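J.: The structure is given below, and queries will be raised subsequently.
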Amino acid sequence: MIIADKSVVFMHYTLTDDQGQTIDTSAGREPMPYLHGANNIVPGLEKALTGKSAGETVKVSVPCEEGYGPVVPEAIQTIPVDAFAGVEEEIKPGMQFQANGPEGQVQVITIQEVRDDGIVVDGNHPLAGKTLHFEVEVTEVREATEVELEHGHPHMEGGSCEH
């Protein structure tokens, strides 16, 4: 079976940056499943995998526009220190927190700087603005079930999920 919309794909992958440093990998773990056509992975990788089948390998560089998008300067803001009043540990650069985005969606913010007049946070995805280099091995492709299509993601053996 070839990879197309409404198929469940299992893959091993390694993601590296422009310097060849590994950002993430499935090495040593089970292959990662995703539902093709359901925005489960970045668009550039999904496009590169379309038409492939089990056993094939793909090397692709995904520009930021087809990955996590460009860096949005407006997503970098200084917020009052008291916004972190409930946090029990010392706030330091590099820490990440979940926050509600402008449209109520949950997003991750990263602390960039702690100053007396506020805390500089970055709401951009940590990989925004970066070219993503993937090496992928497709291990399995199968047709998605009706439940998987309804939920928008693959289910593991047994077919249940936390919905």
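Matching residues to (1) within 24 Å of Gly152 (Cβ to Cβ); (2) under 20 Å from the mean Cα position of the chain (by Cα); (3) small (Gly, Ala, Ser):
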site: Thr16; (1), (2), (3): no, yes, no
site: Pro33; (1), (2), (3): yes, yes, no
site: Val62; (1), (2), (3): yes, yes, no
site: Gln77; (1), (2), (3): no, no, no
site: Gln107; (1), (2), (3): yes, yes, no
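J.: Taking strands (runs of 3 or more DSSP E) that fall entirely within the range 93-163, which contain at least 3 residues that are closer than 30 Å to Gly55 by Cα and assigned by TED's automatic domain parsing to the domain that holds Val60?
T.: Details: elements: 96-100, 106-115, 118-122, 132-143.
Qualifying strands (runs of 3 or more DSSP E): 132-143.
J.: Please state which one of Gly37, Gly67 is in contact with a Lys or Arg (Cβ under 8 Å, 6 or more places away or on another chain) and on the phi > 0 side of the Ramachandran plot.
T.: Criteria check complete, one pass: Gly37.
J.: Could I ask something else about it? Which of the residues that make up the range 72-96 are of a type in the set (Asp, Glu) and either touching a residue at least 12 places away in the same chain (Cβ under 8 Å) or within 12 Å of Gly123 (Cα to Cα) (or both)?
T.: Once the filter is applied, which keeps residues that are of a type in the set (Asp, Glu) and either touching a residue at least 12 places away in the same chain (Cβ under 8 Å) or within 12 Å of Gly123 (Cα to Cα) (or both), the range 72-96 yields only Glu74.
J.: Still on this model: In the range 41-55, how many are closer than 13 Å to Asp5 by Cβ, in contact (Cβ under 8 Å) with a residue 40 or more places away in the chain and either of a type in the set (A, V, I, L, M, F, W, C) or in a helix (DSSP H, G or I) (or both)?
T.: Residues in the range 41-55 being closer than 13 Å to Asp5 by Cβ, in contact (Cβ under 8 Å) with a residue 40 or more places away in the chain and either of a type in the set (A, V, I, L, M, F, W, C) or in a helix (DSSP H, G or I) (or both): 1 in total.
J.: Taking the residues in the range 115-141 that are of a type in the set (D, E, K, R) and surrounded by fewer than 16 Cβ atoms within 10 Å (Cβ to Cβ) as candidates, determine which candidate is nearest to the chain's Cα centre (by Cα).
T.: Result: Glu135.
J.: Let me ask something else about it. Could you please find all residues in the range 33-64 being hydroxyl-bearing (Ser, Thr, Tyr) and either modelled with pLDDT under 95 or closer than 15 Å to His12 by Cα (or both)?
T.: Tyr34, Ser53, Thr57
J.: What are the residues in the range 1-15 that are over 17 Å from His151 (Cα atoms) and part of a strand (DSSP E or B), if any? Please lay out each step first, then the result.
T.: Within the range 1-15, the subset over 17 Å from His151 (Cα atoms) is 1-4, 10-15.
Of everything in the range 1-15, those that are over 17 Å from His151 (Cα atoms) and part of a strand (DSSP E or B) turn out to be Ile2, Phe10, Met11, His12, Tyr13, Thr14, Leu15.
J.: When you look at Asp18, is it part of a loop (DSSP other than H, G, I, E, B) and assigned by TED's automatic domain parsing to the domain that holds Glu143, yes or no?
T.: Values: part of a loop (DSSP other than H, G, I, E, B): yes; assigned by TED's automatic domain parsing to the domain that holds Glu143: yes.
Taking the combined requirement at face value, the residue satisfies it.
J.: With respect to Ser61, is the statement that it is in contact (Cβ under 8 Å) with a residue 60 or more places away in the chain, hydroxyl-bearing (Ser, Thr, Tyr) and more than 21 Å from Pro126 (Cβ to Cβ) true? Outline the logic, then answer.
T.: Working: in contact (Cβ under 8 Å) with a residue 60 or more places away in the chain: yes; hydroxyl-bearing (Ser, Thr, Tyr): yes; more than 21 Å from Pro126 (Cβ to Cβ): no.
No; evaluated as a whole, the condition is false for this residue.
J.: Name every residue in the range 1-31 that is of a type in the set (Gly, Ala, Ser), surrounded by 13 or more Cβ atoms within 10 Å (Cβ to Cβ) and in contact with a strand residue (DSSP E or B) (Cβ under 8 Å, 6 or more places away or on another chain), in order of residue number.
T.: Passing the criteria: Ser7, Ser26.
The values are calculated or read from the model by the stated rules, or taken from the named source; none is laboratory data. Owing to the predicted nature of the structure, the values given are computational and were not obtained by experimental measurement. Heads up, the Cβs are rebuilt from the backbone with ideal geometry, glycines too, and the neighbour counts pull from every protein chain shown.
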